[in-house]
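Undergrad: Before anything else, here's the structure in question.
The values are calculated or read from the model by the stated rules, or taken from the named source; none is laboratory data. The structure presented is a predicted model; accordingly, all values stated were derived computationally and were not measured. Note that we place each Cβ from the backbone using ideal geometry, even for glycine, and neighbour counts take in every protein chain shown.
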Amino acid sequence: MIRGNISKMATITVPRPKLNWRERLYLPAIVAGLAITFKHFKNMLLGRTKVTMQYPEEKWDSSLPDHYRGAPALVRDEDGRVRCVACQLCEFICPPRAIKIIPGEIPSTDRFAKVEKYPEEFDIDMIRCIFCGMCEEVCPEQAIFLRKDYAITGFTRADMVHHKEKLLEIGGVMHGVVLKWNEKK
Amino acid sequence: MDSFFIITSLLKIIGILFVVILPMVSYAVYAERKVSAAIQDRLGPNRVGPAGLFQPIADMFKLLLKEDFTPRAANTFYYWLAPCLAVMPAIITIAVVPFGSTLLGVPMVIADVNVGILFVFAVASLGVYGIVIGGWASNSKYPFLGGIRSSSQMLSYELSLGLAVIPVFLLVGNLRLTSVVHYQIEHGWLIAPFVGDWANPWKWVLTIPMLISFVVFTIAIFAETNRLPFDLPEAEQELAGGYNTEYSSMKFSLFFLGEYAAMITGSAVIVTLFFGGWHLPIPSWHGGFHWALVDGNAPGWRGVLGGLFNIATFFAKVTVLIFIFMWVRWTLPRFRYDQLMRLGWLFFFEIALVNIFVVAVIVPFIR
């Protein structure tokens, strides 16, 4: 509820600036403006102006920091094995629920039988992914990493889902500290 | 009328229209984008071809392939007529402008009529009809407002446009544009009379009203061609494109290119009236200092080269003026409507009028 008199409201009268004859003539301002734009024009012609990076030709990939959070990807270890053990922790932690894992069982006759599970399917929907890096943080096997790929494109929604092969291709090989798969452990 | 005259006239029309004016129009659009980019610290079009040089061709294909849409509420006949009316006067005007001396004995002007500048005004004013009719026939509020603005803007500026050139013809004594050029070859460019009897102080006194005339005329041409700071009829931000809001495809591009064609012909007229047309004095020291004239009538290949040089000079001057048009466009904001009216009626009209009397007082001292 509004109380009191409207005239008591705080009002500020902004005075119009008094222009001198030079300002009223308007021409000096025009000439000054033309001089400024011509300076920019001249600097561009002489190549003194720093312009935006010309993206497809020039990229900033080489100057990306190590902690850059790009597309999440699966990595292999030194032996060329997929590090992921399909524990599904990343699937549970993923805030936008972009990750879908279907685990498969490793047969007991296999050399790596003690690992028990492997991801039969591992999909990351890159439309949903928010590049938060929680999957990387939560992974007990250091199997999923955020790489430096940022230009993720596709023509359809299906194109934008990264399957296991694509994820492994982005991920590459990681020489790491987790030695669980190694026989020596 | 002999067949030689008809054939050379046709060749001149085809040459000037398809070899010079139309490529110039499409590359003026490219230049506009490049100049604006440089002024705003950007690079501008650089994807199509080297340095984006094929951009106008890509733009043309884009405009041709777009859907040519006619609103149902539009008055179809006038809706179709308006773009033609917008582009034609701008191109017709170039007919009376001398764009070179002579080439192989043929004078480089399409129609050397003795009412030259009157013809320019009469035809150039028709360009406004394209905009007004386009705004009216679209049957939509923004184009309508744009058309109305255009007509009142033309009324405000046509007067000072006409009055500003009267001093030139007081001096030359002839409305023919080739005579204006020949006067300037003998007595020096009207705004920088170095050639001829340059010791005459009255000639230099005369440059002051001539400069005023030039400034008023140029500003009026800005308004006439709807360039910023007087582009109120199309005012993108207020009127969503103004008179061409309802137009698409080639009809839109005719409006768009008509503006650039008008800019080129406007510059050509300014060059002819105040900058000596195709004339470029070259300093020469054969038997004392004097200004040499590049002659298109010299015998043999020298005449051909001279004629081509004069044509190149003319279009180089036009290019410089077009750059000034662009430079101003990317510097100044748009005038408010009442400011435009005030400028037209209260300042330029009076300045041009007083200027005529000043020149009339000076002219007897020169003769």
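Undergrad: Return yes when B:TRP278 is in a loop (DSSP other than H, G, I, E, B), within 23 Å of B:HIS187 (Cβ to Cβ) and either touching a Lys or Arg at 6+ places or on another chain (Cβ under 6 Å) or of a type in the set (Phe, Trp, Tyr) (or both) and no when it is not.
TA: In short, yes.
Undergrad: Here's something else I'd like to know. If B:SER36 satisfies all but one of (1) within 14 Å of chain A (Cβ to nearest Cβ); (2) of a type outside the set (Phe, Trp, Tyr); (3) without any contact (Cβ under 8 Å) to a residue 60 or more places away in the chain, what's the number of the condition it fails?
TA: That leaves (3) as the condition not met.
Undergrad: Could we say that B:VAL29 is within 14 Å of another protein chain (Cβ to nearest Cβ) and closer than 26 Å to B:SER248 by Cα here?
TA: Here the answer is no, as B:VAL29 does not meet what is asked.
Undergrad: Would you be able to tell me the number of residues in segment A:7-26 that are surrounded by 10 or more Cβ atoms within 10 Å (Cβ to Cβ) and either aliphatic (A, V, I, L, M) or at the interface with another protein chain (Cβ under 10 Å from one of its Cβ atoms) (or both)?
TA: Total satisfying the criteria: 3.
Undergrad: Could you name every one of the helices (runs of 4 or more DSSP H) located completely within segment B:1-116 that has at least 2 residues being over 30 Å from B:GLY303 (Cβ atoms)?
TA: Helices (runs of 4 or more DSSP H) meeting the threshold: B:22-39, B:55-65, B:76-93.
Undergrad: Does B:VAL172 qualify as being buried (at least 19 other Cβ atoms within 10 Å of the Cβ) and more than 24 Å from B:ALA90 (Cα to Cα)?
TA: So B:VAL172 passes the test.
Listed here are the residues, each with its yes/no results for (1) surrounded by fewer than 24 Cβ atoms within 10 Å (Cβ to Cβ); (2) in contact with a strand residue (DSSP E or B) (Cβ under 9 Å, 6 or more places away or on another chain); (3) modelled with pLDDT under 85; (4) basic (Lys, Arg).
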{"residue": "B:THR218", "(1), (2), (3), (4)": "yes, no, no, no"}
{"residue": "B:ARG227", "(1), (2), (3), (4)": "yes, no, yes, yes"}
{"residue": "B:PRO233", "(1), (2), (3), (4)": "no, no, yes, no"}
{"residue": "B:GLN237", "(1), (2), (3), (4)": "yes, no, yes, no"}
{"residue": "B:GLY288", "(1), (2), (3), (4)": "yes, no, yes, no"}
{"residue": "B:LEU293", "(1), (2), (3), (4)": "yes, yes, yes, no"}
{"residue": "B:VAL318", "(1), (2), (3), (4)": "no, no, no, no"}
{"residue": "B:LEU321", "(1), (2), (3), (4)": "yes, no, no, no"}
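Undergrad: Residues that are within 14 Å of another protein chain (Cβ to nearest Cβ), surrounded by 10 or more Cβ atoms within 10 Å (Cβ to Cβ) and either of a type in the set (S, T, N, Q) or touching a strand residue (DSSP E or B) at 6+ places or on another chain (Cβ under 7 Å) (or both): does segment A:74-92 have at least one? Let's see the steps before the verdict.
TA: Quick first cut of segment A:74-92, residues within 14 Å of another protein chain (Cβ to nearest Cβ) only: none.
So far as segment A:74-92 goes, no, none of its residues is within 14 Å of another protein chain (Cβ to nearest Cβ), surrounded by 10 or more Cβ atoms within 10 Å (Cβ to Cβ) and either of a type in the set (S, T, N, Q) or touching a strand residue (DSSP E or B) at 6+ places or on another chain (Cβ under 7 Å) (or both).
Undergrad: Now for a different question. I'm trying to understand the selection: among the residues of segment B:333-353, which are closer than 20 Å to B:ILE166 by Cβ and either exposed (fewer than 13 other Cβ atoms within 10 Å of the Cβ) or touching a strand residue (DSSP E or B) at 6+ places or on another chain (Cβ under 6 Å) (or both)?
TA: B:LEU346, B:GLU350
Undergrad: Can I ask one more? Within segment A:36-71, which residues are surrounded by 11 or more Cβ atoms within 10 Å (Cβ to Cβ), hydrophobic (A, V, I, L, M, F, W, C) and facing chain B (nearest Cβ under 9 Å)?
TA: Within segment A:36-71, A:ILE36, A:PHE38, A:PHE41, A:MET44, A:VAL51 meet the criteria.
Undergrad: Say whether the condition of being part of a helix (DSSP H, G or I), in contact with a Phe, Trp or Tyr (Cβ under 9 Å, 6 or more places away or on another chain) and either hydrophobic (A, V, I, L, M, F, W, C) or touching a residue at least 12 places away in the same chain (Cβ under 8 Å) (or both) is met by at least one residue in segment A:87-109.
TA: No, segment A:87-109 contains no residue that is part of a helix (DSSP H, G or I), in contact with a Phe, Trp or Tyr (Cβ under 9 Å, 6 or more places away or on another chain) and either hydrophobic (A, V, I, L, M, F, W, C) or touching a residue at least 12 places away in the same chain (Cβ under 8 Å) (or both).
Undergrad: Here's something else I'd like to know. State whether the residues of segment B:119-129 include one that is under 20 Å from B:PHE275 (Cβ atoms) and crowded, with 22+ Cβ neighbours inside 10 Å.
TA: Scanning segment B:119-129, I find at least one residue that is under 20 Å from B:PHE275 (Cβ atoms) and crowded, with 22+ Cβ neighbours inside 10 Å, so the answer is yes.
Undergrad: In segment B:241-273, what residues are over 24 Å from B:MET60 (Cβ atoms) and surrounded by fewer than 23 Cβ atoms within 10 Å (Cβ to Cβ)?
TA: B:ILE270
Undergrad: If you don't mind, another one. For segment B:323-356, give me each residue that is within 14 Å of another protein chain (Cβ to nearest Cβ) and among the β-branched types (Val, Ile, Thr).
TA: B:ILE324, B:VAL328, B:THR331, B:ILE351
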